[in-house]
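Any read-out appearing in this document is the output of simple, stated calculations on the displayed coordinates, not a laboratory observation. Every value quoted in this text rests on a predicted model; they were computed, and no experiment measured them. Here the Cβ positions follow ideal geometry from the backbone for every residue, glycine too, while neighbour counts run over all protein chains shown.
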Amino acid sequence: MKSKYAVGLDFGTLSVRALLVDIYSGEEVSTCTFDYPHGVMERNTPAGTWALQDPQDYLDGLREVIRGVTQASGVSAEEIVGIGIDVTATTMIAVDEQGNPLCMSDEFRDEPQAYIKLWKHHGAEAEAEQILKLAQKRQEDWLKYYGGVVSSEWMLPKILETLHYAPQVYEKARFMEVTDWLVMRLTGQEVRAACGAGYKLFYRHGQGYPSREFLRELDPRLENLVEEKLNAPLLNVGDRAGELIPEMADLLGLLPGTPVAAGFIDAHASVLAAGITSPGTMMIIVGTSSCHLLLSEKEIPVPGVGGLVYNGILPGYYGYEAGQSCVGDHFRWFTHNCVPAEYHREAEEKGLDLHQLLTEKLHGYRAGDSGLLALDWFNGVRTPLADFDLNGLILGMNLMTKPEEIYLALIEATAYGTRWILEQFEETGVHIDNIVLSGGIPAKNRMLVQVYSDVCHREIRLCGTSNASGYGAALVGISAASPEYTGYTSIAEITGKLGKKGEEVFTPDPQNAKVYDGLYREYRKLTEYFGNGQNDVMKYLNTLRKER
């Protein structure tokens with residue numbers, strides 16, 4: 001059989017990666033990565049931490065990585081059957097009627113509210129609280145499917161923030177998930193992914209978006225938000241959004257008419273990459289942040305769990321989403337800011353990066369050896385509190401504390417946060433049989449995976465690819481192509497045949513697990529004390545920081 005290929009595009013926080021996949025063998029033929037020149041433009045404001053991006057970075061990356069994978073592989077444009085795209089979410093862009101980013105216009109070049117708002121942009125804390133209070137007052141039915149919380153990371157708070165701080169931008173904007181905007185750039189037509197609308201904009205199958213009455217009461221200027229700034233055909237996972245237009249085909253070195261799939265959320269694409277096609281297996285994507293995803297035949301609202309969407313991950317199932325806002329981000333913060341110079345020199349002499357060196361120094365450590373306990377709130381809390389005005393904490397340090405011990409405490413904290421999420425599901429009646437981890441961090445750090453297994457009392461398997469989001473996007477790209485051309489009839493069939501399940505299984509160490517049970521109890525006491533209003537010192541400190 002003649003080889004055919006699909007391109008998966010994975011737009012992450014700091015870079016975009018393209019993955020070229022053989023549609024019959026699942027072989028990852030080539031990859032190419034492009035770092036965003038502007039990175040993340042972050043700053044603290046009185047409203048919260050801003051995280052903005054330049055859309056030109058996405059467009060430049062799109063060109064570079066697609067040309068990169070085709071040139072490296074020698075695969076011709078004729079052999080590529082489809083393109084799939086995933087992006088972190090909500091990563092929101094304000095565009096004009098033609099899909100041009102407003103921040104690229106002379107009028108709004110100097111207006112921060114016109115730029116891409118990355119998923120971890122937390123400038124809409126007050127707006128999220130406003131939406132939550134109104135939904136509670138009106139007893140909006142949709143709220144229970146989002147854990148009874150509203151996150152400032154989601155789209156409606158970010159839109160309301162734009163309206164409050166830059167009404168002139170709001171007036172001229174259509175608001176899109178960046179994944180939908182990129183699909184529009186490739187195909188020349190606007191469609192929306194039901195996945196993004198469901199998880200990040202309160203869209204419910206059979207009900208639609210929040211009502212005009214709700215939006216009008218939220219702010220009279222929002223009454224026609226859906227009709228004027230959001231309305232477009234909604235597509236499910238694996239649907240074809242359109243075909244590559246000649247202008248973009250020429251730019252990317254591909255053929256006009258190449259099928260393009262509806263956009264996807266990056267974490268959700270990893271579920272397909274791992275070959276998960278039925279309930280009971282939780283996929284945890286461990287990266288800059290973490291996302292916890294689960295298929296189910298049941299629609300059971302779970303308190304604090306930020307998304308329950310029919311067809312949200314795989315057609316025919318309810319897809320649950322939970323998450324942690326800070327995982328790789330605080331490992332990176334620690335290595336960049338808290339590791340002494342002699343560690344840097346030692347790592348360089350040994351040919352290791354700092355993460356590898358710290359892990360090496362932790363060889364032989366057992367649970368509790370560091371004497372430390374941390375809260376994983378360095379970027380606020382996603383599940384279950386949805387409060388981004390909380391901060392991280394490291395407890396138990398003394399003059400003998402070593403950098404590697406702090407590093408271990410941060411890893412353990414993310415594992416405790418994951419256990420908290422698992423318990424939220426199971427206490428509500430949503431059973432979890434197995435766990436699969438994906439993402440670059442678990443692929444590189446076996447110690448972290450073992451800690452997760454010990455803390456959570458679970459067997460853990462790794463996804464069979466270290467490029468899970470991009471691989472899942474490629475599978476969606478296959479689905480966009482004609483069945484007569486590929487031989488596949490559904491995204492479920494593609495996932496079942498090409499999904500990659502890792503062979504190695506990590507099992508809990510009984511001794512470590514027992515010690516971690518005690519540490520987890522203390523972790524939960526801290527979450528209650530600092531997270532549920534018993535002591536608002538973190539919010540007080542944030543107020544002082546913002547005033548400065």
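Lys and Arg at +1, Asp and Glu at -1: add these up for the other residues within a Cβ distance under 12 Å of E140 and post the number.
Details: positive: K133, K137, R138, K144, R204; negative: D141, E213, E217.
Around E140, the surrounding residues sum to +2.
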Putting +1 on Lys and Arg Cβ atoms and -1 on Asp and Glu Cβ atoms, find which of L143, L254, H164 reaches farthest to the positive end of the dipole of the range 5-270.
L143
Cα-only Rg/Rh for the range 5-270 with Kirkwood Rh rounds to 0.98
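With Cβ to Cβ distances under 10 Å as the rule, what net charge do the other residues near T288 carry (K, R +1; D, E -1)?
Charge balance near T288 sits at +1.
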Neighbouring Cβ atoms within 10 Å as the yardstick, rank L225, L235, L362 fewest first.
L362, L235, L225
The computed P(r) of the range 398-486 puts the percent of Cα pairs beyond 22 Å at 47 percent
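On alpha carbon coordinates alone, what is the Rg over Rh value for the range 444-548, Rh being the Kirkwood radius? Don't skip to the answer; put the middle values down first.
Details: Rg = 22.2 Å, Rh = 18.1 Å.
Using Cα coordinates only, the ratio equals 1.22.
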Estimated D of the range 271-380 in µm² per second, where Rh is the Kirkwood radius over Cα pairs and Stokes-Einstein applies at 4 °C, 1.567 mPa s:
77 µm²/s
Over 29 Å between C-alpha atoms is what I'm after, so list which of K229/K500; K133/K546; K4/K200; K229/K501 land there.
K229/K500; K4/K200; K229/K501
Give the order of H268, H363, H431 when sorted by the count of other beta carbons within 10 angstrom, beginning with the fewest.
H363, H431, H268
In nm, the gap between the two label points placed 7 Å beyond Cα toward Cβ at E484 and E426 is 5.1 nm
Taking other Cβ within 10 Å of each residue's Cβ, how do D250, D239, D10 sort, fewest first?
D250, D239, D10
When averaged across all projection directions, what area in nm² does the alpha-carbon convex hull of the range 217-303 cover?
10.2 nm²
From the P(r) of the range 95-244, could you give the percentage of C-alpha pairs in the tail past 25 Å?
26 percent
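Report the local net charge at K2: Lys and Arg +1, Asp and Glu -1, summed over other residues whose C-beta lies under 13 Å from its C-beta.
Charge balance near K2 sits at -2.
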Taking the chain and counting helices only, DSSP H stretches of n ≥ 4 at -39,500 (n - 2.57) each over all residues, the nearest-500 ellipticity at 222 nm comes to -12000 deg cm²/dmol
Starting from the range 95-170, pick out the GluC sites (Glu not before Pro) whose DSSP state is loop and whose Cβ has at most 11 other Cβ atoms within 10 Å.
E97
Send over the per residue convex hull volume for the chain, Cα only, as a whole number of Å³.
152 Å³
Are there GluC sites (Glu not before Pro) in the range 428-508 that DSSP puts in a loop and that have at most 14 other Cβ atoms within 10 Å, and which ones?
E459
For R446 and N337, compute 0.36 nm times the residue count separating them, minus their Cα-Cα distance, and round to one decimal in nm.
36.9 nm
FRET efficiency, 1/(1 + (r/R0)^6) with R0 25 Å, evaluated for R212 and Q98 via beta carbons:
0.45
Grab the beta carbon distance between D35 and E349, set R0 = 22 Å, and tell me the FRET efficiency rounded to 0.05.
0.25
